[in-house]
Structures are given as C-alpha cells and as structure tokens.
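Data first, discussion second: the structure below is written as structure tokens.
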C-alpha cells in the first residue's frame with residue numbers, strides 16, 4: 001500500500017501529534033507514513049504578536065488560519081495526504097474540498113501556570129510579568145488579577161520555557177495538554193480551573209484533515225474519531241461561529257458530557273478584563289451544534305457582541 005504523507009508544523013509538539021497519529025494508523029491499518037514538515041505564516045512571524053500577524057500577511061488572509069493555511073494548501077495540491085492539527089487552531093470555516101473525518105480523544109483542555117518561584121496565580125507578587133500570546137488568556141488574567149502584567153509571548157513550548165528560565169517572565173500560561181504530550185508536566189505549578197480561566201475552543205483535541213474526495217484515506221482516518229470529543233468540540237466551534245470569532249478573540253469555552261447531556265459554558269471578556277459576559281447551556285449530545293448556537297445567541301443578547309467589537313478595535 002502507498003505510504004501516507006502527513007503534513008504538520010515543525011514544532012516539537014506538532015511533531016509529537018503527527019507521530020502519534022502515524023503510530024495509531026500503523027496500529028489499526030498497518031499503514032506506513034511519512035511526516036512532512038510545513039512552515040506556516042504563524043511560524044514564520046514568531047516575533048510578531050499573533051493579533052498583528054494579519055497586518056504582515058495581508059488582511060485577506062486573516063488571523064483565523066495562520067497556523068494551518070500552508071498545510072491546507074499542501075493538502076489541496078496533493079503534496080500531502082492528511083494533516084494533523086491542534087483543533088484550537090482551526091477556523092470555523094474550512095476550505096471547500098477538505099474535511100475532518102477524525103477528532104481524536106481529547107486531552108485535559110485546561111490551561112496551567114508555570115512560575116519560576118513556584119507560586120500559584122493567586123500568590124504571584126503584584127506587578128509580576130506573566131507571558132502568553134493569547135488574548136483569551138491575557139483578558140482572563142487581567143480579570144482575575146488586574147495588578148499583574150500580562151505580556152505577549154510567542155514561540156513553541158521550549159522557547160517559552162527558556163524565556164521563563166532566563167528571567168524574562170515571572171510565570172507563563174500554557175495548555176496542559178501540550179505539556180502532557182511532551183512529558184513536561186513536572187514543571188506545572190498550578191492547573192487553572194474553569195472558574196479562573198476557561199480554555200480555548202477545541203483546546204486539547206487533535207484533528208485530522210483530509211481531502212473530501214479521498215475516500216480511501218477518509219475511511220482509514222475515520223477509525224480514529226472519538227464521538228464524545230467530536231460532540232464537545234462541535235458545540236464549542238458552533239458557539240465560536242455564532243459569535244463570528246477567530247482564534248484570537250477573548251472567548252473561553254468548555255463543553256463536556258455530564259450524565260449523558262452536553263454542558264457548554266463560555267465567557268467573553270474585554271481585552272482589559274474589566275467587562276465580561278459568562279453563561280452556560282445544556283442540551284442533547286446528539287445536537288451539539290444546536291447547543292453551541294443557542295449559547296452564542298444567549299451571549300449576544302447579554303452583550304457579548306458589543307464586548308467583541310470593542311476587543312476588535314483594541315487590537
């Protein structure tokens with residue numbers, strides 16, 4: 001059988017994810033794979049804050065696909081057969097001709113704090129510098145601890161840890177899923193629960209993208225799909241779509257199954273963290289998109305659209 005070409009970003013975490021999927025495909029189907037590293041716009045512009053990357057690559061490209069566009073181009077050009085992504089990087093609209101036949105079982109979607117002093121978020125001294133590139137994290141940090149200095153920090157996990165250890169920051173906020181996958185959880189000071197920091201849409205889940213007309217690859221990849229994770233991520237993405245947001249909006253969301261029903265909670269914050277709207281919605285796990293859409297409408301009625309418009313002007 002022909003070897004499958006897997007497209008991925010080149011970071012240590014992205015390569016772990018691609019190799020993990022390659023191992024699963026070999027286990028299930030005996031398939032040989034080849035990992036092809038692809039550098040994306042988001043990778044090239046490491047010194048630029050994520051919220052400003054679209055100014056560098058042109059507004060028609062937008063920020064919503066800066067970590068996947070070149071990989072999707074390779075899929076459409078048939079230079080790779082499938083792509084492995086972090087679902088939090090996926091825009092709500094995907095190009096015609098592509099599909100996600102599998103979203104694998106989700107890791108812990110929460111964020112975590114790593115501090116040089118070993119202090120928790122509550123215990124950090126006034127004015128402590130906390131690094132993160134995410135507007136969502138920055139806004140929630142400013143809401144929870146307005147006395148802290150939330151500072152933009154780009155780069156892969158290794159780069160961020162080196163900057164922390166070099167004393168550029170007092171702490172950093174990262175997704176715990178990535179640290180779990182890289183075997184680096186010993187560095188974690190505190191796991192940030194949802195009452196402190198809601199995670200990003202799709203955080204902790206790996207998505208596998210293929211061409212929609214490649215039935216053979218679609219069928220093989222579909223065996224890796226996890227129904228519960230798909231339902232939860234679908235609800236979160238439907239919410240994001242309803243709010244017309246990309247990967248750089250101050251929105252946190254977390255869906256999970258509770259007693260067989262889908263429970264989705266979400267919050268929209270102003271960039272300075274002073275204003276926020278937080279709501280939750282429950283519904284059938286068989287209609288995750290409906291649950292997400294309803295919660296989006298509830299948030300809009302409560303003023304989320306105004307907060308998001310103000311956030312957009314602040315970028």
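The set of residues in region 20-58 being modelled with pLDDT of 70 or more, surrounded by 17 or more Cβ atoms within 10 Å (Cβ to Cβ) and either not in a loop (DSSP other than H, G, I, E, B) or not assigned by TED's automatic domain parsing to the domain that holds residue 68 (or both) consists of 21, 22, 24, 25, 33, 35, 36, 41, 42, 43. Taken over region 300-311, residues that are part of a helix (DSSP H, G or I) and surrounded by fewer than 15 Cβ atoms within 10 Å (Cβ to Cβ) amount to 4. Across region 278-299, the qualifying residues are those that are part of a loop (DSSP other than H, G, I, E, B) and out of contact with any strand residue (DSSP E or B) (no Cβ under 6 Å at 6 or more places or on another chain), and the one among them that is surrounded by the most Cβ atoms within 10 Å (Cβ to Cβ) is 287. If you go through region 109-144, how many residues are in contact with a strand residue (DSSP E or B) (Cβ under 8 Å, 6 or more places away or on another chain) and within 30 Å of residue 257 (Cα to Cα)? Residues that pass the stated criteria total 18. Among the residues of region 69-92, those that are without any contact (Cβ under 8 Å) to a residue 60 or more places away in the chain and in contact with a helix residue (DSSP H, G or I) (Cβ under 8 Å, 6 or more places away or on another chain) comprise 69, 70.
Say whether the condition of being over 24 Å from residue 18 (Cα atoms) and either free of Cβ contacts under 8 Å to residues at least 60 places away in the same chain or touching a helix residue (DSSP H, G or I) at 6+ places or on another chain (Cβ under 6 Å) (or both) is met by at least one residue in region 225-234. No, the conditions are met nowhere in region 225-234.
Scanning region 79-90 for residues that are over 18 Å from residue 109 (Cα atoms) and assigned to a loop (DSSP other than H, G, I, E, B), we see that the one that is farthest from the chain's Cα centre (by Cα) is 79.
Only one of the listed residues (171, 99) is crowded, with 21+ Cβ neighbours inside 10 Å and in contact (Cβ under 8 Å) with a residue 12 or more places away in the chain. That residue is 171.
Looking across region 266-277, the residues that are surrounded by 19 or more Cβ atoms within 10 Å (Cβ to Cβ) and outside any loop (DSSP other than H, G, I, E, B) come down to 266, 267, 268, 269, 277.
On the stretch given as region 103-141, residues that are more than 25 Å from residue 162 (Cβ to Cβ) and either within 19 Å of the chain's Cα centre (by Cα) or in a helix (DSSP H, G or I) (or both) total 6.
Residue-level check: of (1) farther than 18 Å from residue 5 by Cα; (2) free of Cβ contacts under 8 Å to residues at least 24 places away in the same chain; (3) surrounded by fewer than 21 Cβ atoms within 10 Å (Cβ to Cβ), residue 150 misses just (3).
The values are calculated or read from the model by the stated rules, or taken from the named source; none is laboratory data. In this text, all values refer to a predicted model and were calculated from it rather than measured experimentally. Methodologically, a virtual Cβ is constructed for each residue, glycine included, from the backbone with ideal geometry; neighbour enumeration extends over all protein chains shown.
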